[in-house]
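Read-outs throughout are calculated quantities, based only on the coordinates presented, and are distinct from any laboratory measurement. Since we're looking at a predicted model, the values are computed, not measured.
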Amino acid sequence: MAEPLLDIEAAREQVLAAVRPLTPEPVELTAALGRVLAEEVASEGALPPFDASAMDGFAVLAGAAAELEVVGESRAGRPADRALRSGEAVRISTGAVVPEDAEAVVPVERTESVDGPGPAQRGRERVRVPERSPGDHIRRAGEDVMAGELVLSAGVRLGPAEVAVLASLGRPQLLCGPRPRVAILVTGDELVEPGTPLGPGQVRDANAFALAAQAERAGARVVWRALVPDDLEATVAALAEALEIADAVCVSGGVSVGPHDHVKPALAHLRVGERFWGVALRPGKPTWFGLRDHTLVFGLPGNPVSAMVTFQLFARPALERLAGAIEPARARTVAVLDESVPRHLLRDQAVRCSVTVGPDGWHVRPTGPQGSHVLTSMLRADALALVPAGEGEIPAGDRVDVELLR
Ligand code: AMP
Ligand code: MG
């Protein structure tokens with residue numbers, strides 16, 4: 001780490017520049033939530049597909065108040081069987097086709113049904129309607145989407161609204177980016193699984209759980225998890241397997257230069273090319289990134305908070321880009337700091353903060369002690385405040401950049 005360390009943005013750009021999006025695959029609309037669209041979607045027809053009534057009532061000609069004969073009905077999905085003529089009204093439901101030659105719809109609550117004036121009209125339904133103008137209460141064909149219009153672009157993540165629009169466009173299947181396959185390795189002789197009692201000097205593995213959860217949240221599929229001892233051969237074997245089955249490998253711990261840190265030598269042995277090692281970031285300085293062919297490898301620090309923060313800042317955008325996202329979700333905003341934060345002279349800091357909303361917008365407050373081993377500082381952390389390196393402190397009341405976590 002003799003060279004000046006990359007800052008957060010530069011490291012993130014290096015990661016994103018190295019990502020080659022995965023080949024798209026067809027996905028059923030029912031399984032498309034959260035996937036990244038990999039095609040341009042244009043509408044074949046118009047939406048609504050026909051002039052439709054916006055109300056329950058009567059389809060009529062425009063004009064002055066009048067008494068009209070009810071000659072038929074247009075229901076949703078069952079249009080009237082003939083055009084409308086002068087002196088007539090057609091009963092109509094919301095969403096039903098406006099009959100040919102009808103000019104307006106009168107809502108039922110503004111009408112009055114009347115008896116016919118004499119024996120000849122008995123049994124025929126008549127209705128009194130007020131004055132109305134052309135187009136009243138009619139939803140025109142194409143008001144929502146016109147035929148041929150581009151509605152969704154490749155690279156957007158499909159949420160409930162996108163899924164609903166795709167259904168209304170009649171698309172049962174889409175081309176989407178695959179869910180990237182992620183392998184997660186945690187290294188450390190001291191680590192034990194939850195459920196196992198702690199022996200002397202042991203700690204429970206948190207990172208495999210943290211990183212798997214974060215990967216799932218990012219839309220990826222965790223295909224392998226392994227707990228690897230601090231041993232070069234075991235580290236090489238585990239990484240070799242991970243490289244075979246994953247699009248991205250996240251390995252935590254053992255990435256520094258201590259006598260029991262074997263990740264870097266193992267990666268070198270496996271010909272994973274280093275792109276950077278070290279980011280001017282706290283927590284998260286000893287972060288390593290490299291590639292073998294198109295497989296991404298993130299060597300993340302062992303301290304659980306550092307592992308989670310560096311995953312959020314570097315691995316998550318990479319997974320989104322692998323899936324084809326154009327602009328990896330960067331829920332960035334600016335918030336008022338409610339508590340002063342000392343700056344670090346050389347490193348930017350990612351300060352875990354809770355978020356509240358005040359009359360002047362968003363506010364953030366650190367969740368408590370910020371040590372990289374204080375995993376509970378991630379609880380109630382809605383955001384990372386990104387505090388630039390420098391002298392002194394950022395006083396309470398100043399605005400800082402924040403990256404939202406949920
Ligand atoms: P390392 O980066 O391997 O030097 O680890 C730094 C610190 O993080 C040590 O205190 C480790 O015990 C701790 N640590 C490493 N991996 C994990 C893990 N998977 N879960 C919890 N703590 C870990
Ligand atoms: Mg270790």
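Here are a few things to note about the model shown:
- Inverse of mean 1/r across different Cα pairs in the chain, Kirkwood, Å: 25.6 Å
- Kirkwood Rh in Å, taken over all unlike Cα pairs in region 265-387: 15.9 Å
- Couplings for region 7-24, taken from phi via the Karplus curve 6.51 cos²θ - 1.76 cosθ + 1.60 with θ = phi - 60°, read 8, 4, 5, 5, 5, 5, 5, 4, 5, 5, 5, 8, 7, 10, x, 6, 5, x Hz in order; Gly and Pro are left as x.
- Convex hull volume of region 332-404 per residue (C-alpha atoms, cubic angstrom): 74 Å³
- Other-chain or far-sequence residues with amide H under 5 Å of Glu393's (modelled H): Arg343
- Estimated vicinal HN-Hα couplings, Hz - region 295-307 in sequence order (Karplus 6.51, -1.76, 1.60; Gly, Pro = x): 7, 8, 10, 10, x, 9, x, x, 4, x, 5, 4, 4
- Nonlocal amide H pairs with Arg347, under 5 Å, H built at 1.01 Å: Gly390
- Here the Karplus relation 6.51 cos²θ - 1.76 cosθ + 1.60, evaluated at θ = phi - 60°, turns the backbone of region 96-105 into coupling constants of 7, 5, 6, x, 3, 6, 5, 10, 8, 10 Hz, with x for every Gly and Pro.
- Largest-first ellipsoid semi-axes for region 4-48, taking √(5λ) over the Cα gyration tensor eigenvalues, angstrom: 36, 13, 10
- Taking every alpha-carbon pair within region 64-107, the share separated by more than 17 Å comes to 21 percent.
- Quick note on region 52-139: its Rg to Rh ratio, both from C-alpha atoms and Rh being the Kirkwood radius, is 0.95.
- Between Phe276 and Phe289, the built amide H atoms are under 5 Å apart, and every one of these is 5 or more places off in sequence or on another chain.
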